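Each remark here refers to the structure printed beneath this line.
The values are calculated or read from the model by the stated rules, or taken from the named source; none is laboratory data. All figures in this text were calculated on a predicted structure; none of them were measured in a lab. Virtual Cβ from ideal backbone geometry, glycine too; neighbours counted across all protein chains shown. For the accessible areas, the whole protein counts, side chains as well, though only heavy atoms, and no ligand, DNA or RNA atoms are used. Shrake-Rupley method; radii C 1.70, N 1.55, O 1.52, S 1.80 Å.
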Amino acid sequence: MKNDKNNHYRVNEQIRVKEVRIVGDNGSTVVPTRQALEMAREEGVDLVEISPNAQPPVCRLIDYSKFLYQQKKRAKELKAKQVKQEVKEIRFGPQTDEHDYNFKLKHAKEFLEEGNKVRAFVFFRGRSILFKEQGEVLLLRFANDLEEYGKVEQMPALEGKKMFLYLSPKKAGVAKKSQQKMDRERREAEAKAADSVAEKNVSAAGGLFDNAKNGANALKKLSEGND
């Protein structure tokens, strides 16, 4: 008899019910507990209770040390398969230009596809806190552009000099786009190409205006709902 006070499994004489169900490679059978103990002794193994809440409790005829080894090995394998979820940060300034925005958007998509959470924030330096509304629409645009990859856990909220947005992955693997989403992206790409000449002449102040315009579009889309 191999008892382990630090383990939650009952073994041999610790099992004090009238009958048990013995499971094995050849199926299962219900026998009196006394008979099950005799079967274990004859085979030179232990009677191990693996499902105490079943009616009757389920047991196996197995060497207890071997059983514990199998349980630890299985737990280790499951732990190795689990994907560790991390929180990845994406930082913006209130006057983030389009190129920098798209660069960070790409990384955020990769983070969410890998199963990680994303914490995006706008950092306001000095008098740039005056543009906190601009930071809000920027983050809302960011959430809208990531709608196929992540869901919003927390809407933009100002904490000190930072405004945060939290996103969690929708699912593991590569996100699939709906036909409506692809059509909308195609229309947006065509419109962007048409405006490319004008964008080349936009000043820094103009770039700030563009961010506000894009953020306003995102707000409108969020209010209308997903396609």
query: Want the number for residue 50 to residue 13: 0.36 nm per residue separation, take away the alpha-carbon distance, what's left?
result: 11.9 nm
- line: The local net charge around residue 53, scoring Lys/Arg +1 and Asp/Glu -1 for residues other than residue 53 whose Cβ lies under 13 Å from its Cβ, equals +1
- prompt: According to a simple spin-label model (label point 7 Å from Cα along Cα-to-Cβ), what is the distance in nm between residue 26 and residue 159?
  reply: 6.3 nm
task: Would you mind getting the accessible area per residue of segment 1-123, heavy atoms of the protein chains only, 1.4 Å probe, in Å²?
output: 67 Å²
statement: With a ≥ b ≥ c from the Cα gyration tensor eigenvalues, square-rooted, and the rule rounded for a/c under 1.5, otherwise prolate when a/b > b/c and oblate otherwise, segment 59-109 is prolate
query: Using the beta-carbon distance between residue 68 and residue 88 and R0 = 41 Å, what value does 1/(1 + (r/R0)^6) give for FRET efficiency, to the nearest 0.05?
result: 0.60
Full-extension gain in nm, residue 77 to residue 102, via 0.36 nm per residue minus C-alpha separation: 5.1 nm
query: Does segment 1-158 classify as rounded, prolate or oblate by the C-alpha gyration tensor (a ≥ b ≥ c root eigenvalues; a/c under 1.5 gives rounded; else a/b over b/c gives prolate, otherwise oblate)?
result: prolate
query: For residue 153, what charge total do you get from the other residues with a beta carbon under 10 Å from its beta carbon, if Lys and Arg give +1 and Asp and Glu give -1?
result: +3
message: I want the local charge near residue 163. Using Cβ-Cβ distances under 12 Å, sum +1 for each Lys or Arg and -1 for each Asp or Glu among the other residues.
response: +2
- prompt: How high is the relative contact order of segment 36-146, in percent, counting Cα pairs under 8 Å that sit 6 or more residues apart?
  reply: 20 percent
